[in-house]
Structure formats: structure tokens, C-alpha cells
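Everything below concerns the one structure shown next.
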Amino acid sequence: MKIAYKILFFMLALSLPVIANAETVISTNKTVNVYAFIGNGCSHCAEMKTYLASIKDTYNLNITYYETWYNADNLKIMKRVEAYYNIDTANSGSVPLLTIGNRKFQGYASYFNSEILAAITSYTGDDAAYVAILDGAVTGENNTSNYITIGVAIVLVVGLYFFVKPPKKEKR
């Protein structure tokens, strides 16, 4: 019986890289919603758009642009987003304003690229409350858990229990 537990644990240990890689595959295949508030004629906005276009296909980005300098409706949406992110009113209306999940980037320079990529790769898709703000209807957050990580943790605990558990003494 002890050998069966060791074999089970060994098989589990061998499958961990596959399970861990499954999470990576899932995260790289998901669509990442990106919302950008821009102004036509803004040089920083143009640089940001060029950068986003260069990584759009690699990271499966769904980019929505809101031009705010010449579109009053988009400016109203931007004001709701600024309130959602508690953006200081002194910076209100500044473009570009880029949002990815629960991350925001106000302004743009190439040194933001690594932070933007971090926001993209850590994107969970839990932006229902944010999308509701864009649509003008505020709702509660849609909070989901990472079930793969929880499952791996449970399997590890159970496997360790059976591996470390002392064998039963046989009656003579």
C-alpha cells in the first residue's frame, strides 16, 4: 500500500508542470479588454496607439478607443472612469488615459510599456463593474477565483498527507 501512495505522489509531481502550464496557456489565449481615452492630435496618444497596435495580436487585445477632445459623450464616459479610479481632479481630462482591468495609466511614455505588459499578462477578465461604468450603469463587481491554483493546492495537500502519513502497524 505504501508503494501505491509513493507512485500516486510521483505521478502527481510529474503532472504539476502540466497543470501549471495549463494556467499559462489559458491566460495567453484570453481576450484582454483595453480601454483608451485619447485626443485626436495628441502626440502621446499617437505613440500609445502605435505601441498597442504592435502588441495587439500577440496578446489578443480588444482595444476600444474613446476620442475625448472632440466628442462630448466620450468625455462624459471618461469623467465616470476618472471617478471610478479616483483620479485627482487636477489631472482630470488628461489624455491618454489607458485602462486594463483594475490598472490605469495616465499619460504615456515608452517606459510605461513594461507596466502595461504586466497589466495585460495579469488581466483576469473581472471588469464587469468597469464595463458597467463605461455604459453608464454602475453594478457590483464580478469577482471570480482562480480555480486552477486552488485545485493544485488541494491536490498537493492531499498528496503530501498520503506521502507523509505513517504506515499502519499490522496486527500479528
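Below are the figures for this structure:
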| item | result |
| --- | --- |
| Test result for residue 52, touching a strand residue (DSSP E or B) at 6+ places or on another chain (Cβ under 6 Å), assigned to a helix (DSSP H, G or I) and surrounded by 15 or more Cβ atoms within 10 Å (Cβ to Cβ) | yes |
| Residue 35 vs. criteria touching a His at 6+ places or on another chain (Cβ under 6 Å) and either of a type in the set (Phe, Trp, Tyr) or in contact (Cβ under 8 Å) with a residue 12 or more places away in the chain (or both) | no |
| Among the residues listed as 62, 74, the single one being assigned by TED's automatic domain parsing to the domain that holds residue 108 and either touching a Cys at 6+ places or on another chain (Cβ under 7 Å) or outside any helix (DSSP H, G or I) (or both) | 62 |
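The values are calculated or read from the model by the stated rules, or taken from the named source; none is laboratory data. For clarity, every value in this text was computed on a predicted model and none was experimentally measured. Methodologically, a virtual Cβ is constructed for each residue, glycine included, from the backbone with ideal geometry; neighbour enumeration extends over all protein chains shown.
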